[in-house]
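Input: a single structure, listed below in C-alpha cells.
Here, each number is a calculation from the coordinates, and none is a lab measurement. Bear in mind the structure is a predicted one, so any value in this text is a computation, not a measurement. Using ideal geometry, Cβ is built from the backbone for each residue, glycine included, and neighbour counts are taken over all protein chains shown.
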Amino acid sequence: MPSRTYISREEKSMPGYKAAKDRLTSMLGANASGDCKLKPLLVYRAANPRAFKNINKSTLPVIWMSNLKAWVTLAIFQDWFNLHFIPEVKLYCHENNIPFKILLVLDNAPGHPPHLDDFHPDVQVIYLPPNTTSLLQPMDQGIIANFKKYYTRRTYRQALKAVDDETSNRTLKDFWKSYNIYDCVKNIHASWREVQKSNLNGVRKHLTPQFVNDFTGFDQDDESQKILNNLVDLSKKLELDLEEEDFHELLEFHGEELSNEDLMELEEMQRQEVNENSE
C-alpha cells in the first residue's frame, strides 16, 4: 500500500502485518517479436511458506526459488539458465521451426554470471554496460513498469470485491492482512499475461527498429496513464483517496533494498513459519 494510507502506517508498527517489509524478486524476459514470454522466475525468502501448504510448487505458474534475502544469486541464475531458460527457448524454436541460435541480452546485475557463454555453445550472451539499464534494457522501457501497475490494479480490484461482498463482512484491513505469497504468485502470473505481444515488440522501436513488426500500434504512455487512472478510481472506491503521485512513489519503493534490521525481522518471521509448519 502507498505510504499515505492508514494501512501502510499501521502495518509498520502492528504485529501480524507482513506486506510492508516482505520482499521477493521476480525476473521477467521475452523475445524481440513478443510471442515468447518466459515463465517468470520468482525468488522468495522462504522455500516452503505456510501459504503453500498442500500445494505442489512444481505446479506454480512461476519458477520458484528461495534464499533469505530474496535475491537472484549466481547459483540461482545458473539453475534458471540451464534448467528453465534453455529448455523453454528450445521448445519455442522447435515449435516455430527456428534454428536454436540465441542472443540473450542481460543487464549488468550482480547475480548474472560473467561467463555464461561457456554454458551453452548456441547461446551468445550480451551484457549491457553498467548504469545503462534504464536507457538500453528493452524490458525497462515500460514493460516492467506496466507489469507492476497491472499487478497493483489486480490486487486493488480483488480488495474492492472483498470489501463489497456483503456476505463476508470483510474490511480492507482484513483483506490486506490475509493477502499472502500464494495470492501474490497468482497475481504475478495473471499480470504477466496482461502484457501484450504488441507491447513487448513495440518498446524496441527506438532500440532495435529492425525487429519491430508492423502493427496498429501500442502507445506506452497512453496505456500507463489508463492504468494509473484506474488505480486512482479504485482507491477512491476503497476510501483511500490516493493520487497518481502516490502510486508513482509506491512503484519506485518496490526497488529499494532492505536494511539489516528489516532482514533480521524477516529471518525471525521465517523461523516462526518453519516452527508453525512443523507442529
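Give me the extension gain from V232 to T59: residue separation times 0.36 nm, minus the current Cα-Cα distance, reported in nm with one decimal.
Values: separation 173, 0.36 × 173 = 62.28 nm, distance 3.44 nm.
Between V232 and T59, full extension yields an extra 58.8 nm.
For the range 96-224, what relative contact order do you get, as a whole percent, if you take Cα pairs closer than 8 Å and at least 6 residues apart?
Values: 108 pairs, mean separation 26.2, N = 129.
Across the range 96-224, relative contact order equals 20 percent.
Under unit Cβ charges (Lys, Arg +1; Asp, Glu -1), what dipole magnitude, rounded to 20 debye, does the range 112-212 have relative to its Cα centre?
On the way: 14 positive and 10 negative charges, 98 e Å.
It works out to roughly 480 debye.
Report, in listed order, any pair from K161/K186; K53/K90; K39/K237; K90/K149 with a Cα-Cα distance greater than 22 Å.
Values: K161/K186 16 Å; K53/K90 33 Å; K39/K237 33 Å; K90/K149 31 Å.
Listed pairs above 22 Å: K53/K90; K39/K237; K90/K149.
Which shape class, rounded, prolate or oblate, goes with the range 139-230 when its Cα gyration tensor gives a ≥ b ≥ c as root eigenvalues, a/c under 1.5 marks rounded, and past that a/b bigger than b/c marks prolate?
Details: a/c = 3.53, a/b = 2.65, b/c = 1.33.
Note, shape of the range 139-230 comes out prolate.
Which of rounded, prolate or oblate describes the range 53-130 when judged by the alpha-carbon gyration tensor and an a/c cut-off of 1.5?
Details: a/c = 2.57, a/b = 1.16, b/c = 2.21.
Because a/c hits 1.5 or more and a/b fails to exceed b/c, the range 53-130 counts as oblate.
State, to one decimal in nm, how far the label point of N48 lies from the label point of D140, with both points 7 Å from Cα in the Cβ direction.
Taking the simple label geometry, N48 and D140 are separated by 3.8 nm.
Run the quick spin-label model on N96 and E249: label points 7 Å from Cα toward the beta carbon, then report their separation in nm to one decimal.
Between N96 and E249, the label points sit 4.2 nm apart.
Quote to one decimal, in nm, the extra length available between Q225 and Y127 on full extension: 0.36 nm per residue of separation minus the C-alpha distance between them.
Working: separation 98, 0.36 × 98 = 35.28 nm, distance 3.14 nm.
Fully extending the segment from Q225 to Y127 adds 32.1 nm.
Under a point spin-label approximation (7 Å from Cα along Cα-to-Cβ), what is the E239-E88 distance to one decimal in nm?
4.2
Could you tell me the distance between the Cα centroids of the range 86-164 and the range 227-250, to the nearest Å?
Here the answer is 28 Å between Cα centres.
Can you give the FRET efficiency to the nearest 0.05 for S198 and K69, using r as the Cβ-Cβ distance and R₀ = 35 Å? Provide the component values of the computation, followed by the final result.
Numbers: r = 36 Å, r/R0 = 1.02.
Efficiency for this residue pair is about 0.45.
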